[in-house]
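Visitor: What follows is a structure written as structure tokens; I'll ask about it next.
The values are calculated or read from the model by the stated rules, or taken from the named source; none is laboratory data. Everything numeric here is computed off the predicted structure, so don't read it as measured data. A quick note on method: Cβ atoms are made from the backbone with ideal geometry, for glycine too, and the neighbour counts reach across all protein chains shown.
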Amino acid sequence: MNTGKILESMMNNTKTLKRIAYVVLALTVVLDFFIERHHHVFFWEDIPGFSAAYGFISCVLIVVISKALGHYWLERSEEYYND
Amino acid sequence: MIDWVHPSFFLIFGALLIPLFKGRVQQFYVVLLPALSLLTVMLMDPGVYGVFNFLGLELVFGRADKLSLAFAYVFSSAALIGAIYAMHVKDVSQHIAAFIYAGSSLGATFAGDFITLFVFWELMAFASVWLIWARRVKASIEAGYRYLLVHAVGGLVLLAGILILYVTTGSIRFDAMQVRDTAFYLILIGFMLNAAVPPLHAWLTDAYPESTVTGAVFLSAFTTKTAVYALIRAYPGTEVLIWMGTIMALYGVVFAVLANDIRRLLGYHIISQVGYMVAAVGMGTALAINGAVAHAFTHILYKGLLFMGAGAVIQMTGRSKLSELGGIYRYMPVTFVLYMIGGFSISAFPLFSGFVSKSMEVSAAAELHLTWIWLLLTLASAGTFLHTGLKLPYFTFLGDDCGARPTEPPRNMLVAMAIAAFLCVFIGVYPDWLYNMLPHEVDYHPYTSTHVVWALQILLFTGLGFFMLVKHLGGSPKISLDMDWFYRKGAGIFMQFIYRVVVPVEDWFIQVYRYVFRGNLALGIKGLWFDKNVIDGAVNAIASAVGRCAGALRQVQTGQLQHYALIMVGSLLILSLYSLF
């Protein structure tokens, strides 16, 4: 299968993939300094790189809050409803 | 010449004939039915069709306008894709249930009055439960019963609302609700239950993961989105929905972190995604309503694709938990790639369908200067990518090798996934195709440089966060409590109450009864004789006398209004004469 081969070679070169990913991440932020902004509603729309920070913080917040809720309150063993 | 055919006709009545066919012919017929239904929708002109008078009520079976046609279009497409995906299934009952379910959803979409809506609404619940039961294991039988009971309660609330609406206004027209009375809130609760708005959502994530592989694909499309349609129709601009929808979007995201079953994770993301639509209905502006319809349209396609991908994994590996999966991309690469197209679409990557639909709703929030709503919806969209686009595929297809050696699923399943994937990309690249179907004129341009860069930053930096935290994100063999706790554990507590309190009290009464009345058994037998011969005899005699009198009276009834009027006037005359003297 062709698709499988391509995927496998990608998985064997995670280092290169990582480097490409970092370049792309940097590129989106750099681009943000140069794009033309037309209309805005919220003040943060004028801050370059704001959404990068917001995306990252969102991700960490979601994980930390959900994991805490699960750990201290919501998680049970799989047999919980069968007992 | 028939000028209008209801598209549900093919699905509901056509489904009943499926058992008559065998083998290849049956497979062809199973795909033909939804294809005919889709064709009927495509050829339908806007207008009002199928109006019947029933007991003085005006029932409208075919209200076709831009709103109902857009939903009908995607519903019948989803039925067609689902049918192709399920083509190989030998269990005829599943096909019948799926088609009656899809057909009822179309019936509800075209309903112009609340009675018609209600009938199809209930039919959906009763048909869809079979898709859960058909897996024929204990967990799915139990989950199916809970699903059915919850929907029965929701249906009753809806019916109560409809009855009150009819009594107070005299109308059963299914349009925007005018007055905020009891009926307003009862019908709203009925709709919200089917849209899975917390705390009325647990039926979804309880039952969908227990359904059959192909059944879940149908389930993911119809119930919640029919409810979104009903909300758009009856409750546009109801502010309370803005916050409820936003909380819903976050709720799904939080619970998706904890989910270990892949279809339960996807189920929580249905809740999250429908949250955007509910919030947009609450905003009620033209942009928001367009956004809700567009999002429902694209959501049905990519969520179907995701459920098809997850279903393929379950069917080919026999496993459904993140903690038991991993490393199977080598054996199912095509499934993996097609799943990822769904993942990128739901995450709203540029060039995929979510980007051109979900962003309309978020922009509508900005237009109304709803700062918090905007921030929270954006946060939830980071969570969507985190789970559906990263966590689930990473721990299912990549990650550590779980030891399973599956193959690609049957060809028809891949074809169905490919069709859905094609539509996801097609809409993402050429959004005007979708925008032309929306109920309001569209003046929205998703592909501006700011929007593209903005979206890429949010998503890619969410990805960065994921790979930094990836060690903590794997599935663990646990379940998380949700609102279904109240009726699953609550039922147990209720039964304990019955055993510990009600049964002893009843027992005590039985003892008392024995001691007090046993001695009087003889008296009781005499009483029985008296009852049989005297009392029953008297009652029977009176009854037959009444019967004879009625028979005699019947002769007097002429059925002519003049005679009755004459008798009434005559009686009045006699009465007034009587009172005079």
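Visitor: If a residue has to be of a type outside the set (D, E, K, R), surrounded by fewer than 16 Cβ atoms within 10 Å (Cβ to Cβ) and without any contact (Cβ under 8 Å) to a residue 12 or more places away in the chain to count, how many in the stretch A:32-59 make the cut?
Guide: Residues in the stretch A:32-59 being of a type outside the set (D, E, K, R), surrounded by fewer than 16 Cβ atoms within 10 Å (Cβ to Cβ) and without any contact (Cβ under 8 Å) to a residue 12 or more places away in the chain: 12 in total.
Visitor: So which pairs qualify, if the first residue must be in the stretch B:360-379 and over 13 Å from B:ILE289 (Cα atoms) and within 7 Å of another protein chain (Cβ to nearest Cβ), the second must be part of a helix (DSSP H, G or I) and among the hydroxyl-bearing types (Ser, Thr, Tyr), the Cβ gap must be under 6 Å, and the two must be at least 6 apart or on different chains?
Guide: Pairs found: B:LEU379/A:SER58.
Visitor: I've got another one for you. What do you reckon, is B:TYR276 at pLDDT 95 or above, in a helix (DSSP H, G or I) and not aliphatic (A, V, I, L, M)?
Guide: Criteria met by B:TYR276.
Visitor: In addition: List the number of the failed condition for B:VAL415; all other conditions in (1) within 14 Å of chain A (Cβ to nearest Cβ); (2) within 14 Å of B:ILE81 (Cβ to Cβ) hold.
Guide: Of everything listed in (1) within 14 Å of chain A (Cβ to nearest Cβ); (2) within 14 Å of B:ILE81 (Cβ to Cβ), B:VAL415 misses just condition (1).
Visitor: Out of the stretch A:6-15, which residues are more than 19 Å from B:MET468 (Cβ to Cβ), more than 9 Å from chain B (Cβ to nearest Cβ) and either under 20 Å from the mean Cα position of the chain (by Cα) or not small (Gly, Ala, Ser) (or both)?
Guide: The answer is A:MET10, A:ASN12, A:ASN13.
Visitor: Of the residues B:THR214, B:THR238, B:THR226, which is more than 14 Å from every other protein chain (Cβ to nearest Cβ) and not in a helix (DSSP H, G or I)?
Guide: On inspection, the qualifying residue turns out to be B:THR238.
Visitor: Only one of (1) of a type in the set (A, V, I, L, M, F, W, C); (2) part of a loop (DSSP other than H, G, I, E, B); (3) more than 7 Å from every other protein chain (Cβ to nearest Cβ) is not met by A:VAL41, so which one is it?
Guide: (3)
Visitor: Name the single residue that is farthest from the chain's Cα centre (by Cα) among those in the stretch B:447-463 being more than 23 Å from A:LEU69 (Cα to Cα) and more than 7 Å from chain A (Cβ to nearest Cβ).
Guide: B:THR448
Visitor: Let me ask you something else. Return yes or no: is B:PHE355 outside any helix (DSSP H, G or I) and modelled with pLDDT of 95 or more?
Guide: Criteria not met by B:PHE355.
Visitor: Taking B:ILE187, is it among the hydrophobic types (A, V, I, L, M, F, W, C), part of a helix (DSSP H, G or I) and out of contact with any Gly (no Cβ under 9 Å at 6 or more places or on another chain)?
Guide: Spelling it out, it is not the case that B:ILE187 is among the hydrophobic types (A, V, I, L, M, F, W, C), part of a helix (DSSP H, G or I) and out of contact with any Gly (no Cβ under 9 Å at 6 or more places or on another chain).
Visitor: Quick one: would you say B:ILE498 is within 14 Å of chain A (Cβ to nearest Cβ) and over 30 Å from B:LEU301 (Cα atoms)?
Guide: no
Visitor: Among the residues in the stretch B:426-441, are any among the hydroxyl-bearing types (Ser, Thr, Tyr), farther than 30 Å from B:GLN27 by Cβ and within 7 Å of chain A (Cβ to nearest Cβ)?
Guide: Within the stretch B:426-441 (the criterion being among the hydroxyl-bearing types (Ser, Thr, Tyr), farther than 30 Å from B:GLN27 by Cβ and within 7 Å of chain A (Cβ to nearest Cβ)), the answer is no, since none of the residues qualifies.
Visitor: Given (1) more than 26 Å from B:SER77 (Cα to Cα); (2) part of a helix (DSSP H, G or I), where does B:ALA310 come up short, assuming only one miss?
Guide: Of the numbered conditions (1) more than 26 Å from B:SER77 (Cα to Cα); (2) part of a helix (DSSP H, G or I), the odd one out for B:ALA310 is (1).
Visitor: Looking at this structure, is B:THR116 among the polar types (S, T, N, Q), in contact with a strand residue (DSSP E or B) (Cβ under 7 Å, 6 or more places away or on another chain) and surrounded by 23 or more Cβ atoms within 10 Å (Cβ to Cβ)?
Guide: Here the answer is yes, as B:THR116 does meet what is asked.
Visitor: Looking at (1) within 22 Å of B:VAL452 (Cβ to Cβ); (2) out of contact with any Ser or Thr (no Cβ under 8 Å at 6 or more places or on another chain), which is the only condition B:THR388 fails?
Guide: So B:THR388 meets the others, but not (2).
Visitor: Do you know which of the residues in the stretch B:233-263 that are touching a residue at least 60 places away in the same chain (Cβ under 8 Å) and aromatic (Phe, Trp, Tyr) is nearest to A:VAL64 (Cα to Cα)?
Guide: In this case the residue turns out to be B:PHE255.
Visitor: Which pairs have Cβ atoms under 7 Å, sit 6 or more apart or on different chains, and link a residue in the stretch B:458-487 that is touching a residue at least 60 places away in the same chain (Cβ under 8 Å) and closer than 24 Å to B:PHE385 by Cβ to one that is in a loop (DSSP other than H, G, I, E, B) and among the aromatic types (Phe, Trp, Tyr)?
Guide: Sorted first by the residue in the stretch B:458-487, then by its partner, the pairs are B:LEU459/B:PHE349.
Visitor: If I filter the stretch B:183-192 for residues that are within 18 Å of B:VAL60 (Cα to Cα), surrounded by fewer than 23 Cβ atoms within 10 Å (Cβ to Cβ) and not hydroxyl-bearing (Ser, Thr, Tyr), do I get at least one hit?
Guide: Within the stretch B:183-192 (the criterion being within 18 Å of B:VAL60 (Cα to Cα), surrounded by fewer than 23 Cβ atoms within 10 Å (Cβ to Cβ) and not hydroxyl-bearing (Ser, Thr, Tyr)), the answer is no, since none of the residues qualifies.
Visitor: Which residue is nearest to the chain's Cα centre (by Cα), if the candidates are limited to the stretch B:464-494 and must be under 30 Å from B:VAL281 (Cβ atoms) and surrounded by fewer than 18 Cβ atoms within 10 Å (Cβ to Cβ)?
Guide: For the stretch B:464-494, the residue satisfying everything is B:MET483.
Visitor: Filter the stretch B:53-93 for residues that are among the charged types (D, E, K, R) and closer than 26 Å to B:VAL415 by Cβ and give the result.
Guide: B:LYS90, B:ASP91, listed by residue number.
Visitor: So which residues in the stretch B:53-67 are in contact with a Gly (Cβ under 9 Å, 6 or more places away or on another chain) and outside any strand (DSSP E or B)?
Guide: Result: B:ASP65, single match.
Here is a yes/no grid of residues against (1) in contact with a strand residue (DSSP E or B) (Cβ under 7 Å, 6 or more places away or on another chain); (2) at pLDDT below 90; (3) polar (S, T, N, Q):
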{"position": "A:ILE35", "(1), (2), (3)": "no, yes, no"}
{"position": "A:PHE43", "(1), (2), (3)": "no, yes, no"}
{"position": "A:ILE47", "(1), (2), (3)": "no, yes, no"}
{"position": "A:PHE56", "(1), (2), (3)": "no, no, no"}
{"position": "A:CYS59", "(1), (2), (3)": "no, no, no"}
{"position": "A:ILE65", "(1), (2), (3)": "no, no, no"}
{"position": "A:LEU69", "(1), (2), (3)": "no, no, no"}
{"position": "A:GLU78", "(1), (2), (3)": "yes, yes, no"}
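Visitor: Within the stretch B:315-329, can one find any residue that is buried (at least 24 other Cβ atoms within 10 Å of the Cβ), farther than 30 Å from A:ASN12 by Cβ and either within 23 Å of the chain's Cα centre (by Cα) or in contact (Cβ under 8 Å) with a residue 40 or more places away in the chain (or both)?
Guide: The answer is no, given that none of the residues of the stretch B:315-329 is buried (at least 24 other Cβ atoms within 10 Å of the Cβ), farther than 30 Å from A:ASN12 by Cβ and either within 23 Å of the chain's Cα centre (by Cα) or in contact (Cβ under 8 Å) with a residue 40 or more places away in the chain (or both).
Visitor: A further question on this structure: Have a look at B:ALA202, B:ALA196 and point out the one that is in contact with a helix residue (DSSP H, G or I) (Cβ under 8 Å, 6 or more places away or on another chain) and under 23 Å from B:LEU370 (Cβ atoms).
Guide: Residue meeting the stated conditions: B:ALA196.
Visitor: Can you tell me which of B:PHE497, B:PHE461 is crowded, with 21+ Cβ neighbours inside 10 Å and not aliphatic (A, V, I, L, M)?
Guide: Selected residue: B:PHE461, the only one of B:PHE497, B:PHE461 that is crowded, with 21+ Cβ neighbours inside 10 Å and not aliphatic (A, V, I, L, M).
Visitor: Considering B:GLY354, B:GLY389, B:GLY383, which residue is surrounded by 23 or more Cβ atoms within 10 Å (Cβ to Cβ) and within 10 Å of chain A (Cβ to nearest Cβ)?
Guide: B:GLY383 is the lone residue from the list that is surrounded by 23 or more Cβ atoms within 10 Å (Cβ to Cβ) and within 10 Å of chain A (Cβ to nearest Cβ).
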